[in-house]
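> Sharing a structure with you now.
The values are calculated or read from the model by the stated rules, or taken from the named source; none is laboratory data. Source: prediction; values computed, not measured. Note: ideal-geometry Cβ built from the backbone for every residue, glycine included; neighbour counts use all protein chains shown. Heads up: the accessible areas ignore ligands, DNA and RNA and are worked out on the full protein's heavy atoms, side chains in. Shrake-Rupley method; radii C 1.70, N 1.55, O 1.52, S 1.80 Å.
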Amino acid sequence: MTGGTLSQTTYPADWADAMIAGWVQLQQKFNFKMIFVINGNDSPANQANLIQRWVDKGAKFEFLEMMNETYLPKYLTGNTVDHPEVTEAITPQKYSDTLLPNFWAHLDQFNLSYYVCLARKNPSNPNQQQSIENWNNTIISAITGKYLSRDVNVTLHLYTSEDNSGFDYNQINEVRASLPAGPHIAITEAGVLSETLSNEAIGQLAVEHYKQILNNLQPGDYLLDQVLYAPGPDNNTANLSSLHGVTQKGKRIQAFLLNEF
């Protein structure tokens, strides 16, 4: 359910039973897939109890995404002052050696696939690129080593700019080549970042971006759009709005999905 940065500040108390029931009713009516993003700032037991509440209401989850963008500098440095979604420093070793097994001890009961965080390339920032490579290498080593017998897959977040200059779509294949046979890749966030473009223009560019991503995905992989819903009128990436219903971007994404799938 709740994804992105917000997933790391959303706790069981934020989900009333009626809210859960409402989402489950929508899933049953329209047969869409749902993913649960684990809040790494909560206790493993609390997260397991929350998932059980959803399951008891009839929810069907595709997989469990193990936290959100934990490779970012704010997590690596433990910047709790500026970022409420950060409560401690998370090194790649801590993520793979401590956080994952601690949560899995409570989550294995659901028999769902796990998807762990990998980072996309950032060639424009050499210092961050080195950190990204260290993160990815550490997590991939765990997947190909001590977690080889587990159902562990990977996520990538692939954002591009409005000119989409030099975006490396082949990095998806590079990640796949580094994994053992079997794991899938979920692009759980993708989109176009711009402060100035209209909602409709973002949608048009996003479709072109997604076509390129799909060319590098395989059966069993996933591609998710950037923002499903935003309550305000000033979000140029939302597909649904409380003011406008399906936005212009949403209409473009909807047509793209119907045409592709």
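> Which residue, chosen from T9, N31, N49, occupies the Cα position most advanced towards the positive end of the dipole of the stretch 1-57, where the dipole is computed from +1 (Lys, Arg) and -1 (Asp, Glu) charges on Cβ about the Cα centre?
Farthest towards the positive pole: N31.
> Let me ask something else about it. To the nearest 20 debye, what is the magnitude of the charge dipole of the chain about its Cα centre, counting +1 on the Cβ of each Lys and Arg and -1 on the Cβ of each Asp and Glu?
Roughly 540 debye for the chain.
> Let me ask something additional. Could you tell me the distance between the Cα centroids of the stretch 190-261 and the stretch 35-84, to the nearest Å?
With the stretch 190-261 and the stretch 35-84 each reduced to a Cα centre, they are spaced 24 Å.
> Evaluate E = 1/(1 + (r/R0)^6) for Q254 and S161, where r is the Cβ-Cβ distance and R0 equals 30 Å; express this FRET efficiency to the nearest 0.05.
0.80
> Right, something else. Once the piece of chain linking N137 and A13 is laid out straight, how much longer is it, given 0.36 nm per residue of separation minus the C-alpha distance between them?
Length difference between fully extended and current span is 41.0 nm.
> For the chain, what is the accessible area per residue in Å² when the probe is 1.4 Å?
I get 49 Å² per residue for the chain.
> So for the chain: antiparallel DSSP bridges make up what percent, rounded to the nearest 5?
So the antiparallel bridges in the chain amount to around 10 percent.
> Stretch A181-H244 to full length: gain in nm at 0.36 nm per residue minus the Cα-Cα span?
Gain on extension, A181 to H244, equals 18.2 nm.
> In nm, to one decimal, how far is the D168 label point from the L148 one, both placed 7 Å along Cα→Cβ?
With each label point 7 Å from Cα toward Cβ, the separation is 2.7 nm.
> Turning to a different aspect of this structure: How would you order 180-193, 9-22 from highest to lowest mean count of nearby Cβ atoms within 10 Å?
The most tightly packed comes first, giving 180-193, 9-22.
> Would you work out which of G22, Y75, G145 lies farthest towards the positive end of the dipole of the stretch 4-162, given +1 charges on the beta-carbon of Lys and Arg and -1 on that of Asp and Glu, about the Cα centre?
Among G22, Y75, G145, the one farthest towards the positive end of the dipole of the stretch 4-162 is G145.
> Using the basic label-point model (7 angstrom from Cα toward the beta carbon), what is the S43 to T196 distance in nanometres?
Here the answer is 5.1 nm between the modelled labels.
> Note the listed values [x] -0.81, -1.10, -1.16; [y] -0.63, -1.44, -1.62; [z] -0.73, -1.13, -1.22, then indicate which one is log10 I(q)/I(0) by the Debye sum over Cα atoms at q = 0.11, 0.16, 0.17 Å⁻¹ calculated from this particular structure.
Answer label, from the structure shown: [y].
> Sticking with this one: Structure shown: which of K94/K211; K57/K211; K29/K251; K33/K251; K74/K121 lie over 27 Å apart, alpha-carbon to alpha-carbon?
Cα-Cα > 27 Å for K94/K211; K57/K211; rest within.
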